[in-house]
Structure formats: structure tokens, C-alpha cells
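The values are calculated or read from the model by the stated rules, or taken from the named source; none is laboratory data. The model shown is predicted, which means the values in this text are computed figures rather than measured ones. Quick reminder, even Gly has a Cβ in these numbers, built from the backbone with ideal geometry, and neighbours come from all protein chains shown.
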Amino acid sequence: MATDHIIVGGGVYGAGTAWELASRGEDVLLLEADEIASGASGGLGKRGVRANGRDPRELPLMALAYDMWPTLADELGVETGYERTGHLRLYERTTAGLRGGFETAPARAQVQSELGVETRVLSKERVAELEPHVSDDVVGALYCPNDGVADQTATTRGLARTAVELGATIREQTPVRGLELDGGEVTAVVTDDDRFEVGETVLLLSNTHVPELVESELDRSLPVWTTWPQVSATEPMDDVPVNHLIGHDHRRLALKAIPGDRVMISGGWRGEWDETAQQGIALDDRIEGNAADARAVFPTLRDVDVETADASRPESVSVDHVPILDTLPEATNAIVGTGWTGHGFAISLAVNRLLARWASEGNRPELLAPFSLDRFSNAA
């Protein structure tokens with residue numbers, strides 16, 4: 001017996017789309033190779049719910065997600081760890097080549113505000129009022145007061161649990177090995193021990209697994225690669241010096257306060273794949289490099305040690321650092337989502353709702369049109 005909608009992948013996109021489809025009364029099966037939130041949707045600390053500094057194509061999605069995050073915990077009946085902390089994109093340079101430096105802040109604020117994301121330009125003095133421990137080298141900031149943070153693991157598991165309560169079926173420890181096709185559509189999803197017939201749509205949302213599956217089963221190469229983001233956390237402190245979600249104009253740096261009176265340090269440093277361990281590992285020199293940036297911007301962290309670091313959760317990265325959300329000519333009933341590039345968590349609630357609408361109604365929502373594969377071809 002066929003299932004109307006089969007989802008491959010149990011991260012925040014798979015679990016969230018299952019919840020949205022189940023909320024609409026749709027017949028849903030989710031297949032997860034490991035367990036819910038075992039990949040990039042889980043792990044250390046919290047994730048940013050950030051609009052500040054995003055590609056303009058993503059900002060309408062973030063404006064929609066802004067309205068959804070504050071009520072999610074009540075809708076799911078679970079704690080999501082969501083806090084609206086505000087985000088500061090810090091500048092230490094007035095000018096900085098084509099990237100611009102602080103002189104670009106008014107233009108960036110204009111675009112973000114016009115696309116539904118409240119954004120303000122803050123002076124050096126105002127930044128110091130909001131973040132008293134910040135370095136005197138900071139010359140100003142771009143401020144999004146509605147940005148925040150949430151617990152990615154709790155959120156993803158909460159979405160999955162509520163999806164099941166609404167009638168969705170979730171099978172963990174069920175890796176997908178192949179797809180059966182007929183007439184340009186996926187007719188079944190194949191696992192080690194079973195095959196599941198597809199009634200209407202299959203949604204390939206298993207992040208780093210998607211390009212591999214699409215290439216092996218549909219003979220199509222996606223412009224995406226895998227990387228191993230590094231995150232670390234400090235030892236506990238008596239007085240956490242970071243009040244907001246922090247980003248930076250030219251340093252590979254993101255900071256946030258996390259439970260346990262610690263600061264999470266991330267922002268673009270990468271681990272490496274370890275063949276012996278068969279996982280991504282954080283490297284000491286890169287942990288220290290990331291921490292050095294944090295200490296340069298918040299000098300009070302100079303005497304604080306990094307307690308733990310992790311780079312074991314892979315992420316998919318697209319060639320233009322914007323996600324791919326599309327169907328494919330080889331399988332017109334398969335919706336592909338990949339290339340989240342490490343910043344997909346914040347927009348997930350909006351994308352999940354739109355993916356569920358797409359799957360159940362058959363038409364791609366306009367807000368997802370900018371993420372089609374056509375942008376990489378002359379067809380655009």
C-alpha cells in the first residue's frame with residue numbers, strides 16, 4: 001500500500017515538514033538513517049535564529065519565520081529553547097574593499113528592512129551600551145532586534161514527536177538505499193529491508209545524503225559539497241560577557257550565550273574528515289584560531305578556556321551559499337532540499353510550511369522560486 005508523502009531525512013527539515021503535512025491531515029512516512037536530530041540538526045549548544053547578514057533571497061522566508069518561532073513551543077507542547085536575543089553584526093573596519101566595512105551598514109539596513117527584517121545601524125557608543133565587554137576596536141554594528149537563538153535538538157525532536165501524535169509514521173535506523181522510478185516519477189523508496197511505495201511525492205531532505213542519492217539514482221550532479229562545521233564552548237563563567245547573538249563583518253566568528261553559563265564559539269571554522277575515526281574532527285589549531293577571534297572581540301574571554309569542541313556533524317554547502325529547493329526532470333514528484341550551508345535552521349519553520357504546501361497542492365510556492373536549480377543555468 002502506497003504512502004502519499006515519503007520524507008527522507010530526520011533533521012529539522014524532515015521532521016518539520018512531516019509535522020506540517022500531518023497537521024494538514026496528510027498521509028506521511030519519514031525515514032531516518034540514524035535517529036532524529038543525529039546530523040546537523042543536533043549537537044552542541046544552540047543555533048542562531050538569524051536574519052542579519054543573510055542573502056536577500058532568504059529574507060522573505062526569515063520574515064515569515066519570525067512570526068512562527070515565538071509560538072512554536074506552545075504548538076508542540078515542548079521546550080524549544082527559543083529566545084529573542086537580538087543579533088549584532090559587528091564592524092571593526094570603516095572600509096574593507098568590496099565587502100565594504102561599516103560604511104555599507106546603512107545600505108544593508110535599508111535592504112533588510114524593506115524585505116521585512118527590522119534592522120538598525122548602531123554607533124560605536126550604542127554598541128558599547130548593549131555589549132559593555134566588547135572591544136574598543138568595534139566601530140559600530142548592524143542590529144536586528146528580532147533575531148535570536150533556539151535549541152536545535154529539542155526543536156527537531158519536538159517537531160518529530162508532534163508529527164507522530166498527528167498521525168505521521170517515523171522509522172529511525174532505516175537508511176534509504178535507492179529509488180524506483182517509472183515514467184519520470186519515483187514510485188518507491190528502497191531501504192535495506194523494505195520498499196515503500198510512493199503515492200504522491202517523495203521529499204529528499206537528508207542534507208548531506210541528498211547529493212549522493214540524487215547522483216546514484218537519478219544520474220544528476222548537484223552543485224553541493226560536504227563540510228564539517230566546527231563549534232566549541234567555553235568553560236562555565238561567573239559572568240557571561242555576551243548578551244546578544246553576535247556575528248562579525250570580516251572575522252569568521254559567531255558567539256552566543258548557552259546554558260551552563262558558557263559561550264558558544266563558531267562562525268565558519270571547519271574541521272576535517274578523519275578516516276580512522278570515520279567522522280569529522282575538530283583540529284586544535286582551528287579551535288584556537290576561532291577562540292583567538294572571540295578574545296579579540298571580547299577581551300574578557302582571554303582568561304577563559306575552551307572546554308569542548310565538535311566537528312562531527314556534516315553540513316551541505318551550495319556553490320552560491322544559498323539552499324537548493326526544487327524538483328528534478330528525472331523525477332518530477334521528488335522535491336529536493338539541500339545546500340543549507342550552515343544557516344538553514346532559522347528559516348526552517350517557514351520552508352517546512354511551504355514544502356508541505358508544495359507537496360500537498362502540487363504547486364511550488366512563490367517564495368521558494370529563488371532556490372530552484374535554474375539559477376545555475378541559462379534557463380534562468
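Of Arg99, Arg24, all but one fail to be of a type in the set (Lys, Arg) and over 14 Å from Asn352 (Cβ atoms); the exception is Arg99. Can you name the residue in the stretch 196-225 that is of a type in the set (Ser, Thr, Tyr) and out of contact with any strand residue (DSSP E or B) (no Cβ under 6 Å at 6 or more places or on another chain) and, of all such residues, is surrounded by the most Cβ atoms within 10 Å (Cβ to Cβ)? The qualifying residue surrounded by the most Cβ atoms within 10 Å (Cβ to Cβ) is Ser216.
Report yes if some residue within the stretch 109-121 is surrounded by fewer than 18 Cβ atoms within 10 Å (Cβ to Cβ), modelled with pLDDT of 95 or more, in a helix (DSSP H, G or I) and not assigned by TED's automatic domain parsing to the domain that holds Gly140; otherwise report no. Checking the stretch 109-121: not a single residue is surrounded by fewer than 18 Cβ atoms within 10 Å (Cβ to Cβ), modelled with pLDDT of 95 or more, in a helix (DSSP H, G or I) and not assigned by TED's automatic domain parsing to the domain that holds Gly140. For the stretch 268-294, the set of residues classified as in contact with a Ser or Thr (Cβ under 9 Å, 6 or more places away or on another chain) and among the charged types (D, E, K, R) consists of Arg270 only. Of the strands (runs of 3 or more DSSP E) lying entirely inside the stretch 303-377, those carrying at least 2 residues that are surrounded by fewer than 17 Cβ atoms within 10 Å (Cβ to Cβ) and either out of contact with any strand residue (DSSP E or B) (no Cβ under 8 Å at 6 or more places or on another chain) or touching a residue at least 40 places away in the same chain (Cβ under 8 Å) (or both) are 306-310. Scanning the stretch 20-58 for residues that are surrounded by 20 or more Cβ atoms within 10 Å (Cβ to Cβ) and not in a loop (DSSP other than H, G, I, E, B) gives Glu20, Leu21, Ala22, Val28, Leu29, Leu30, Leu31, Arg47, Gly48, Val49, Glu58.
Residues in the stretch 281-302 that are of a type in the set (Val, Ile, Thr) and either over 16 Å from Ser135 (Cβ atoms) or not in a helix (DSSP H, G or I) (or both): how many? The total comes to 2.
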